[in-house]
1. Consider residue B:149 carefully, then state whether it is open to solvent by 10 Å² or more (accessible area, probe 1.4 Å) and at positive phi.
2. Restricting the search to the stretch B:152-168, which residues are more than 12 Å from ligand 2 (Cβ to nearest atom) and under 21 Å from residue B:248 (Cα atoms)?
3. Quick check on this structure: which one of B:182, B:267 is open to solvent by less than 10 Å² (accessible area, probe 1.4 Å), within 16 Å of ligand 1 (Cβ to nearest atom) and outside any helix (DSSP H, G or I)?
4. Is there any pair with a first residue in the stretch A:128-156 that is buried (at least 24 other Cβ atoms within 10 Å of the Cβ) and a second that is of a type in the set (D, E, K, R) whose Cβ atoms are under 6 Å apart and which are 6 or more apart or on different chains, and what are they?
5. Among the numbered criteria (1) away from ligand 1 (no atom under 11 Å from the Cβ); (2) crowded, with 21+ Cβ neighbours inside 10 Å, which one does residue A:75 miss?
6. Could you check the stretch A:92-122 and list, in sequence order, the residues that are within 14 Å of another protein chain (Cβ to nearest Cβ) and farther than 24 Å from residue A:139 by Cα?
7. Please state which one of A:174, A:199 is among the hydrophobic types (A, V, I, L, M, F, W, C) and open to solvent by less than 10 Å² (accessible area, probe 1.4 Å).
8. Please go through (1) within 12 Å of ligand 1 (Cβ to nearest atom); (2) over 22 Å from the mean Cα position of the chain (by Cα) for residue A:148 and return the number of the only condition it doesn't satisfy.
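The values are calculated or read from the model by the stated rules, or taken from the named source; none is laboratory data. Keep in mind that what you see is a predicted model, and the values were worked out from it rather than measured. With ideal geometry, Cβ positions are generated from the backbone for all residues, glycine too; neighbour counts draw on all protein chains shown. Just the protein is used for accessible areas: all its heavy atoms, side chains included, with ligands, DNA and RNA removed. Shrake-Rupley method; radii C 1.70, N 1.55, O 1.52, S 1.80 Å.
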Amino acid sequence: MSAIRHLRHARKPAAAGKGLKTSAMIASIAAEGQKTRSAPFGHALVELAKTRPEIVGLTADLSKYTDLHIFAHAHPDRFYQMGMAEQVLMGASAGLALEGFMPFATTYAVFAARRAYDFICLAIAEENLNVKICCALPGLTTGYGPSHQATDDLAIFRAMPNLVVIDPCDANEIEQAVPAIAAHDGPVYMRLLRGNVPIVLDGYDYKFEIGKAKLLRDGADVLFVSTGLMTMRVLEAAEALAADRVSAAVLHVSTIKPLDVETIRRECARAGRLVVVAENHTICGGLGEAVAADLTRSGVRTAFRQIALPDQFLDAGALPTLHDRYGISTSAIVASVKGWL
Amino acid sequence: MTDPRSDTPKLANMSLARRAFNIRRLAIRMGQVQGQGYLGQALGIADVLAVSYFHALTYRPEDPYWEGRDRFLMSNGHYAIALYSALIEAGVIGEDELETYGSDDSRLPMSGMASYTPGMEISGGSLGQGLTIAVGMALGLKRKKSSAKVYILFSDGELDEGATWEAAMQATHKKLDNLIAIVDVNNQQADGPAKEISAIEPIAPKFEAFGWFAQRVDGNDLDALVEAYDVARSDPQPRPRIVIADTKMCKGVPFLEARDKSHFINIAPAEWQQAIDILDAGRPA
Ligand SMILES: Cc1ncc(C[n+]2csc(CCOP(=O)(O)OP(=O)(O)O)c2C)c(N)n1
Ligand SMILES: [Mg+2]
């Protein structure tokens, strides 16, 4: 029995003094010098709540880490601290929704997807209740290791009937998505970027609509189909590829469910382009497999590749190191695409 | 002593006060590597770890998975910096390795994981899981007719999680007298003081109502901790035991103790050395 345990300790001590990089929990995903906006989710919710008295905010001991503290300060009488109890958070949100309120419930994506799954599924989704689940640290956005890396949330929530699943790219999109998900009557899961969130889409005259994929950039050789913060990365990759005379289009798919299959099929059917689906998520069951399955079902034939996290429990470490290691940094994407062309 | 496990080297020839001091000092040095870390928690829990590793536990530093060892589980994975310090002090991990704390490919990641670190029995971090695993290990040890015990440290925040209480009820139902829980009541959680976040109090009567033998002590008083551990271990009833330890965050470094309490205390670059100097000025024998 103990032999099995020993196998898990094949790790050798790291050499001291080389590359002392931090794996801080709240590592920012903003590049140095990038334009950012602070707490876009919290501020957008405060604004919206002024005209929507049914909105209430709930958290499981993570208001400060999901930007819901902004709402809690602005509307203290509409904020519920549920303690570090994610199952109660979701069950109580269902209860408030049954009484006519619109709960915005926040925690980290891992704990919603894993700890509270059953409560979201049966208490909220099966009854099609009006609960908006907004979760920080999606995919690989912390170096803390598997306990905090929500690499599987899209797969988990895609499989849940009735649930709308949103993976926004930047502060601009989060600000637009908050009123849009409130206007949608039914349960929503939205991945959050928190703290100082990059602003990327301002230059693209972007309009967020639930269920709509948007072409941000056209190109003849490669079609990136991307979601969440990977859209920021593939936009950068497309610039870098252009310098090498590779022309890349970017189709941003921030609604994972329901999937805008019409737009995706139309773009993927255009001849002569390599389709590369990019997501901040495991290769299992996320946007890439959703697109691949739909293209196969609908008879659209195209060259197809995925940029996604491997089917593994990922390492702890500094985010830039991990994004390079697992192929989702801009430079890693550029290298992958060049290799595929 | 007829305990077949009594061949463990006795590490007790240094005072517990000095052990706790060493653990604190190691934790500060580790935090200094990254300029951050859960130092407030580490300084608060150092006395509990000193008593655990240098009074209560039976183990072999050179063979951290020795079958006869007492298990020490840490559910609150973010306290890793504290446990690494205790494991270094206990000789399970080399002192040099602290220079790699939180760095890429280090065996000492910011959040504790069993697959990274010798002596780390479980992967904590998804809070509220630890006591459930401890119940299984205690059952397993009984199945193997082992006299080893399971010690499980968890945080006051974890009292919010339902799984803690589900496990607490089963531990009683299964008469797990080989299970000793320690809860760190530092009255702190991510969003603020634990007692303002949930009605965690009164903790001891809650566990008593669940059938546990509960003691509440000053978690920064070494003598009180030693006594509580001894009483817990010798309780004759077939029931699980818990030591509820009230600790002070940042204990031992007054200028940090005085700082506004928060889950993640910020420490300026120059303050790490100041903290070491202040600690050193009070080095116990
Ligand atoms: C299941 C789960 N929910 C939420 C978190 C996020 N989180 C990390 S530490 C923490 C505070 C928990 O309270 P406690 O451990 O007492 O905090 P401390 O004393 O260290 O401030 C929270 C909510 C988590 N790690 N696991
Ligand atoms: Mg606490």
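1. No, not satisfied.
2. Passing the criteria: only B:152.
3. B:182
4. Filtered contacts from the stretch A:128-156: A:136/A:194; A:138/A:191.
5. Going through the list (1) away from ligand 1 (no atom under 11 Å from the Cβ); (2) crowded, with 21+ Cβ neighbours inside 10 Å, residue A:75 breaks only (2).
6. Across the stretch A:92-122, the qualifying residue is only A:92.
7. Going through A:174, A:199 in turn, just one is among the hydrophobic types (A, V, I, L, M, F, W, C) and open to solvent by less than 10 Å² (accessible area, probe 1.4 Å): A:174.
8. (2)
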